[in-house]
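Take a look at the structure set out below.
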């Protein structure tokens, strides 16, 4: 960005406020570049901003459930913002009086079963998932599927790159609840967004500790880095079939289910005894929906140095395979 600013005279830059340590450092470097540059920051990443949280960042709970209970009791998600509202007056395009900006658009029928970039694709998929498939009604029961497009929301990539806001997802889910059905599954979509929110603010609280071997707990794991072991895990050649299938899916598609991510991370830390940071870095390198808070927060959690109050959480890979791939279809496809 700084190199670009040396070439192009840009008076204003608009960004969403971010808690990522490196992202914040990069933005600060841009701010220092020129006194004539105005950086417009808006709190659009998540459901809340600092002023609407029921605690200060320094005092926020380190464990999810206390965080969730306080937020659900004291805070409401912020409304979807008008994208033009935060622009400087000189850069706000003049609008005809008959022009009406609205997010209640007609959503086209889906023609893809894979990720397509942009807001139009994001809104189309969200509308299809909720109102055409009505999959939100069964989300809690189906969300752990390893390789099905309709069984989980698949919104993470658009959320990660800013094509879709968490607040818009909540708005649409509330509309679904009001017009179609409200149950535990529709709530669980909000529940998962709260996990995203939790990791977003927790990384803000801990800064560079988010990336340390000892994590936010200051505990040193009894693991190490072996380049060869790391390589076979990345390539899906560990000898654990469910793990290898998931890793090959990631390599080919840039995506892996949430259940799959937990299994391969657990294997990496427990069965293979590897330094969790290398696994987190590989996910950062591969994932189409990479988000610094959620990715590193989940790896910290699985490594026992993050927000899990139970410590080292290990998954039984044989049992998990029997539950989530009982007929072997997922393994057959990817192996």
Just to verify a result, which residue in segment 296-319, among those that are outside any loop (DSSP other than H, G, I, E, B) and free of Cβ contacts under 8 Å to residues at least 40 places away in the same chain, is surrounded by the fewest Cβ atoms within 10 Å (Cβ to Cβ)? 319
What's the number of the only condition in (1) outside any helix (DSSP H, G or I); (2) within 21 Å of residue 124 (Cα to Cα); (3) out of contact with any helix residue (DSSP H, G or I) (no Cβ under 6 Å at 6 or more places or on another chain) that residue 182 fails to meet? (2)
Complete set of residues in segment 278-295 that are crowded, with 18+ Cβ neighbours inside 10 Å, out of contact with any helix residue (DSSP H, G or I) (no Cβ under 6 Å at 6 or more places or on another chain) and under 20 Å from residue 248 (Cα atoms): 287
What residue, of 48, 55, is at pLDDT 90 or above, farther than 27 Å from residue 153 by Cβ and either assigned by TED's automatic domain parsing to the domain that holds residue 158 or surrounded by 14 or more Cβ atoms within 10 Å (Cβ to Cβ) (or both)? 55
Among (1) more than 26 Å from residue 23 (Cβ to Cβ); (2) touching a strand residue (DSSP E or B) at 6+ places or on another chain (Cβ under 8 Å), the one test that residue 275 misses: (1)
Given the criteria touching a strand residue (DSSP E or B) at 6+ places or on another chain (Cβ under 6 Å) and either within 24 Å of residue 153 (Cα to Cα) or in a helix (DSSP H, G or I) (or both), does residue 283 qualify? no
With the checklist (1) surrounded by fewer than 19 Cβ atoms within 10 Å (Cβ to Cβ); (2) touching a helix residue (DSSP H, G or I) at 6+ places or on another chain (Cβ under 8 Å); (3) within 23 Å of residue 249 (Cα to Cα) in hand, flag the one item residue 191 doesn't pass. (3)
Does segment 19-38 contain any residue that is surrounded by 13 or more Cβ atoms within 10 Å (Cβ to Cβ), modelled with pLDDT of 85 or more, in contact with a strand residue (DSSP E or B) (Cβ under 6 Å, 6 or more places away or on another chain) and not assigned by TED's automatic domain parsing to the domain that holds residue 293? yes
Can you find even one residue in segment 248-257 that is in contact with a helix residue (DSSP H, G or I) (Cβ under 9 Å, 6 or more places away or on another chain), buried (at least 19 other Cβ atoms within 10 Å of the Cβ) and in a helix (DSSP H, G or I)? yes
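The values are calculated or read from the model by the stated rules, or taken from the named source; none is laboratory data. Predicted, not measured: the structure shown is a model, and the values here were computed from it. As a convention, Cβ positions derive from the backbone with ideal geometry for all residues, glycine included, and neighbour counts pool all protein chains shown.
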